[in-house]
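The values are calculated or read from the model by the stated rules, or taken from the named source; none is laboratory data. On a predicted model such as this, the values are computed, not experimentally measured, just so you know. For neighbour counting, all protein chains shown are included, and Cβ atoms are generated from backbone atoms with ideal geometry for every residue, glycine included.
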Amino acid sequence: MSEPADGRSAIELGGFTYAPQFMSKDEGDALIEYFASLQPLWEQRYRDQGKERNQEHHRRLTRPVYWLGAWQFACLGYYSEPDHTEHRCMRAEAIPSVARTILSRLEPRLAQYHSEPSDTRLEILPNTALINYYGREVGNGVPRDYARLRMHRDHEPGPVIMFNIGQPALIEFLDPNRSPEPELRLWMRHRSISIISGPEFKDRLYHRVTQVRTGALPAMRCQVANFELRRVSVSFRHVPPNKIENFSELPQSSQDQVRDYVETLARTSEHFRSQLDPAE
């Protein structure tokens, strides 16, 4: 297996951009403070939406998460065109100003990804973000490292923009139908950004995070009990606005599946309190 790129130099390929130190130190520090203010969730993913939720039919995600713009609960299944678009996305909190400022600097570059007629329904800047917390669970017996992300592809329309905060993470791009060996390996470093798009990197290749380094700086913290955080990634995507629903607009079965999560979020979020009781 080839040695990964060290992440100190920019990469520009057809459908993949990596820009080290794209964010300023102040922006990186502001994002660290913002991530520490949130209450991430350990979500459960269910293999069969029609079955009663029980130990036999679910597993926990491999890292705590928090969504902005539109929360795609794992138990409802993520947004994926063309067949999985309805009742997948519950309205969530807005993307913070520091992240919008960073994204705005990418607008000229992102415009090229929306030049085709099929993309005229998309806004240039994304409206949804998944925040992944990478670290180690402690205090419950043998410590377990969750600093990884399983092989997957993202199916929302348009490019995916990633912010990388904290310790370097090893990302690998591969096509398991062609070879078990990755076609690109890269250490994504603190304050860098990545963009995945197009038929090669977004549609053909899968990506995964296999390792996150350890280190004291930058100092990271989060509101997950018994969890030592060392990296946060944010992947920005686009969901058609007409597919984003309030909690009260979801089907009753979907409300029942996510109510516990929304009640947990409501303890620290005015937005989710209002979603539970819009009359307030």
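Data for the structure
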| item | result |
| --- | --- |
| Extreme residue, farthest from residue 68 (Cα to Cα), among residues of region 242-268 that are without any contact (Cβ under 8 Å) to a residue 24 or more places away in the chain and of a type in the set (Asp, Glu) | 256 |
| Residue match in region 149-166 (condition: touching a Gly at 6+ places or on another chain (Cβ under 6 Å) and either under 21 Å from residue 81 (Cβ atoms) or at pLDDT below 90 (or both)) | no |
| Options 14, 28: the member that is in contact with a helix residue (DSSP H, G or I) (Cβ under 9 Å, 6 or more places away or on another chain) and either of a type in the set (Val, Ile, Thr) or at negative phi (or both) | 14 |
| Per-region count, region 4-18, residues part of a strand (DSSP E or B) and touching an Asp or Glu at 6+ places or on another chain (Cβ under 9 Å) | 3 |
| Region 125-142 - residue that is in contact (Cβ under 8 Å) with a residue 12 or more places away in the chain, out of contact with any helix residue (DSSP H, G or I) (no Cβ under 8 Å at 6 or more places or on another chain) and outside any strand (DSSP E or B) and, of those, nearest to residue 65 (Cα to Cα) | 138 |
| Tally, over region 176-188, of residues that are in contact (Cβ under 8 Å) with a residue 24 or more places away in the chain and not in a strand (DSSP E or B) | 3 |
| Those residues of region 19-40 which are among the hydroxyl-bearing types (Ser, Thr, Tyr) and more than 25 Å from residue 64 (Cα to Cα), in sequence order | 24 |
| Qualifying residue in region 225-234 (condition: over 30 Å from residue 168 (Cβ atoms) and either surrounded by 17 or more Cβ atoms within 10 Å (Cβ to Cβ) or out of contact with any Phe, Trp or Tyr (no Cβ under 7 Å at 6 or more places or on another chain) (or both)) | no |
| Members of region 78-110 that are small (Gly, Ala, Ser), surrounded by fewer than 16 Cβ atoms within 10 Å (Cβ to Cβ) and touching a residue at least 12 places away in the same chain (Cβ under 8 Å) | 80, 94, 104 |
| Any chance residue 146 is out of contact with any helix residue (DSSP H, G or I) (no Cβ under 6 Å at 6 or more places or on another chain), among the aromatic types (Phe, Trp, Tyr) and modelled with pLDDT of 95 or more | no |
| Qualifying positions in region 266-280 - of a type in the set (A, V, I, L, M), part of a helix (DSSP H, G or I) and either within 20 Å of residue 79 (Cβ to Cβ) or more than 21 Å from the chain's Cα centre (by Cα) (or both) | 276 |
| Answer from 231, 208, 191 - the residue that is in contact with a helix residue (DSSP H, G or I) (Cβ under 7 Å, 6 or more places away or on another chain), under 30 Å from residue 265 (Cα atoms) and touching a residue at least 60 places away in the same chain (Cβ under 8 Å) | 191 |
| Sole residue being over 18 Å from residue 21 (Cβ atoms) and buried (at least 20 other Cβ atoms within 10 Å of the Cβ), chosen from 176, 182 | 182 |
| Qualifying residue in region 248-265 (condition: in a loop (DSSP other than H, G, I, E, B), under 19 Å from the mean Cα position of the chain (by Cα) and more than 21 Å from residue 99 (Cα to Cα)) | no |
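Yes/no matrix, rows are residues, columns are (1) of a type outside the set (Lys, Arg); (2) under 17 Å from the mean Cα position of the chain (by Cα); (3) part of a helix (DSSP H, G or I):
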position: 156; (1), (2), (3): yes, yes, no
position: 172; (1), (2), (3): yes, yes, no
position: 202; (1), (2), (3): no, yes, yes
position: 230; (1), (2), (3): no, yes, no
